[in-house]
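Engineer: Structure below; questions to follow.
The numbers here are math on the coordinates, done by the rules we state, and not lab data. Values in this document were obtained by computation on a predicted structure and should not be read as measured data. When we count neighbours, we look across all protein chains shown, and the Cβ atoms used for this are built from the backbone with ideal geometry, even at glycine.
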Amino acid sequence: MGAIFRLAWQSLTNRKTTAFLTLLTVAISVTLLLGVERVRTQAKSSFANTISGTDLIVGSRSGQVNLLLYSVFRIGNATNNIDWQSYQEISQHRSVKWSIPISLGDSHQGYRVIGTNHAYFKHYQYGQKQHLNFAEGRQFNGLFETVLGAEVAKKLNYRLDDEIVIAHGISDKSFNRHDNLPFKVVGILEPTGTPVDRSVHVSLGAIEAIHIGWESGAKLGHTPDAQTLANYQFEPKQITAFMLGLNSKIQTFALQRYINTYSKEPLSAIMPGIALHELWRMMSIAEQALLVVSGFVVIAGLLGMLTSLLTSLNERRREMAILRAMGARPNHIFFLLVSEATVLTTIGIALGTALLYSLLLIAQPFIQQQFGLYIEISGLTTYELLLLGIVQLAGIIVGVLPALRAYQHSLADGMTIKV
């Protein structure tokens, strides 16, 4: 068997150009397969880690997916608001370590505006318990100061000290803008790959201030100017939702039950991890599509190798016949062709894997900076090794077809000169 592999290697080195192109086809298909798999798993992991370190999310009574969508992903709206007194009472519960209030309802050029406080920048976590960091600037301190997510700043080309105008409601039209109360950009967050990147952050007091005169949802009353409003202390009457971190994970279910049966108003408390998994199952068609793409990538690469082997087979009929004349049996010819396919697949897998890691080393900072998606550079997982094993087996099977054709050729068939 060793002699056959050596002969296969010598045969491939004699056909350097054809072998190299075939090898390149297999390597690229393996790189794409592993690359798509890495992106798929990291995207799933990033989705599952959109919010981290938060034990409960509380909102008005609704389904857990709906609550997750508007509180974390900024999609949709709450069925109702939460009274500020209810928030204060629950946030001061003995089980609660920290709380983050959130007020939604306004927007800026298609991006949601979030009213919150400094606890948001201190306690909000994503990924593997990563905290929010500032690329530029600082937290808001003044009433009309804002902190932008990375995507907002990049897409709208904002810099520190620029002024932005917030619109009332989700649609940003000229008639519903708070254009007499512009906000100054004092901070820009680093990319996170989460909805934080697509958010405009202001203080809860600012949300209350800009809505003076807008109580009915339209500008019917008078709104004082910024200098006048700066002299007042604003406390929200209502908020949209809030996040809780507890002193102990053991207390999660007890506090959740307490909130779900809260007597003063109907509330829902959800565990974000469970809600995220439920939401991902609803979106699993995207994951399945990536798996199908991975499969077709490999099939295309193997078909390229099969085409190359079949094309070269007619050119090698005399070579096969000479080997037969020198004493090689038909089964030797069969194993020779299968060995060539095996060698090409093995080297292609090794080259493709090396190419993947090289590309990851180069592209990882760019992908994280541009898309906020952190692709971890780690060893091959058990599933990836299984995929490579399947590719290797498929490569061997692909070599069987040309090997069978060569096996069936007679000695005279290759020795006859055809004009």
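Engineer: Using the Cα centre of region 56-270 as the reference point, and only Cβ charges (+1 on K/R, -1 on D/E), how large is the resulting charge dipole? Debye, rounded to the nearest 20.
Structural biologist: Here the size comes out at about 760 debye.
Engineer: Still on this structure: Which one, GLN92, ASN80, LEU148, projects farthest toward the positive side of the charge dipole computed for region 56-270 from Cβ point charges (K/R +1, D/E -1)?
Structural biologist: GLN92
Engineer: Now, a different point. Suppose the chain between ASN133 and GLU265 were pulled fully straight at 0.36 nm per residue; how much longer would it get relative to their current alpha carbon spacing?
Structural biologist: Values: separation 132, 0.36 × 132 = 47.52 nm, distance 3.55 nm.
That works out to 44.0 nm of additional length.
Engineer: Continuing with the same structure: Would you work out which of LEU244, ILE170, LEU229 lies farthest towards the positive end of the dipole of region 56-270, given +1 charges on the beta-carbon of Lys and Arg and -1 on that of Asp and Glu, about the Cα centre?
Structural biologist: Most positive-ward Cα: LEU244.
Engineer: While we're looking at this one, here's another question. So for each of 123-134, 45-56, 289-300, 338-349 I average, over its residues, the number of other beta carbons within 10 Å; can you give me the resulting order with the highest mean first?
Structural biologist: Most protected by this proxy first, the peptides run 338-349, 45-56, 123-134, 289-300.
Engineer: Can you tell me how much longer the chain between ARG257 and THR381 gets when fully stretched, taken as 0.36 nm per residue apart minus their C-alpha distance, in nm with one decimal? All intermediate terms of the calculation are to be shown ahead of the outcome.
Structural biologist: Working: separation 124, 0.36 × 124 = 44.64 nm, distance 3.91 nm.
Length difference between fully extended and current span is 40.7 nm.
Engineer: Between LYS155 and GLN85, what length in nm is gained on full extension when 0.36 nm per residue of separation is reduced by their alpha carbon distance?
Structural biologist: Difference between extended and current length: 21.4 nm.
Engineer: Let me ask something else. Viscosity 0.890 mPa s, temperature 25 °C: what is the translational diffusion coefficient of region 56-270 from Stokes-Einstein with a Kirkwood Rh over Cα pairs, rounded to a whole number of µm²/s?
Structural biologist: 138
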